[in-house]
Amino acid sequence: EAGVTQFPSHSVIEKGQTVTLRCDPISGHDNLYWYRRVMGKEIKFLLHFVKESKQDESGMPNNRFLAERTGGTYSTLKVQPAELEDSGVYFCASSQGPTSGAWGTDTQYFGPGTRLTVL
Amino acid sequence: QKEVEQNSGPLSVPEGAIASLNCTYSDRGSQSFFWYRQYSGKSPELIMSIYSNGDKEDGRFTAQLNKASQYVSLLIRDSQPSDSATYLCAATGFQKLVFGTGTRLLVSP
């Protein structure tokens, strides 16, 4: 079974440009998460989709970030316009959902990440 | 205060020794705790999850949880050079994971 995949693996853009990151979750996983790790900091939550609906977008830094998951399959995260502080590694994770009703029992599987550098 | 705190390390242990990794959390509403291993440039990989107070063992790994002290630990027995990686502690109360900065473990042959 294929794991979570992300594209591209690396992206280098200039400040003010637009970048779109893509995540393909594990087949059958309704839950899709985006996280970001800025250099020297911890991995931080950005948002959570359940199928095509945004369940929680409390971690999105500002309105320059737009996430979509049309059809409930793959997801895209667009940064427009990119700023220097957006540089970091963007991780996507997916999960099936809780098996016993408690979200804490749900396992999130991570993709390899997209390393974004904004110059 | 960070929500999940870990010593950044590096923690250096000789091959065959026990490595002890620690984590504290501030949100008493956190219900579940996870240890992920991350090799440089790779995705975080789930090693252990623990939901109840006490110990949980899986092969060479033992996770320990003490909710009263808000403390989680991971013990790695018979450490191998291949265990050298960054270990991330994460807590969740409702869906999203809250991570620590990770502890870098170095196992020397």
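None of the figures in this text is laboratory data; all of them are computed from the coordinates on show. Everything quoted here is computed from the prediction, not taken from an experiment. Backbone-built Cβ (ideal geometry, glycine too); neighbour counts: all protein chains shown.
For a Förster distance of 30 Å, can you work out the FRET efficiency between the beta-carbons of residue A:76 and residue A:15, rounded to the nearest 0.05?
For R0 = 30 Å, the calculated efficiency reads 0.90.
Which part of the stretch A:41-77 falls in the paramagnetic zone of residue B:27, meaning amide N under 14 Å from the point 7 Å along Cα-to-beta-carbon?
In the stretch A:41-77, the label zone of residue B:27 (backbone N under 14 Å from the point 7 Å along Cα→Cβ) covers A:43-48, A:56-60.
In vacuum, with every alpha carbon of chain A counted as one equal point scatterer, what does the Debye formula give for log10 I(q)/I(0) at q = 0.10, 0.11, 0.22 Å⁻¹? Two decimals, please.
-0.28, -0.34, -1.28
Share of Cα-Cα pairs in chain B beyond 25 Å, in percent?
Values: 848 of 5886 pairs.
Of all Cα-Cα pairs in chain B, 14 percent lie more than 25 Å apart.
Taking the convex hull of the alpha carbon atoms in the protein assembly as shown, what volume per residue do you get, in Å³?
Details: hull volume 29.4 nm³, N = 228.
Value for the protein assembly as shown: 129 Å³ per residue.
At a Cα cut-off below 30 Å, give the lysines reachable from residue B:56, other chains included and same-chain residues fewer than 8 away excluded.
A:41, A:44, B:2, B:42, B:67, B:96
Can you give the FRET efficiency for residue B:57 and residue B:80, using 1/(1 + (r/R0)^6), R0 = 25 Å, r = Cβ-Cβ distance, to the nearest 0.05?
The pair residue B:57/residue B:80 has a calculated efficiency of 0.90.
Mind jotting down a quarter of the surface of the convex hull over the alpha carbons of the stretch B:9-70, in square nanometres, one decimal?
5.4
Could you give the length gained on full extension between residue A:54 and residue A:119, defined as 0.36 nm per residue of separation minus the Cα-Cα distance, in nm?
20.4 nm
Test of understanding: given chain A, find the longest segment containing no GluC sites (Glu not before Pro) that are in a DSSP loop and have at most 13 other Cβ atoms within 10 Å.
A:15-82
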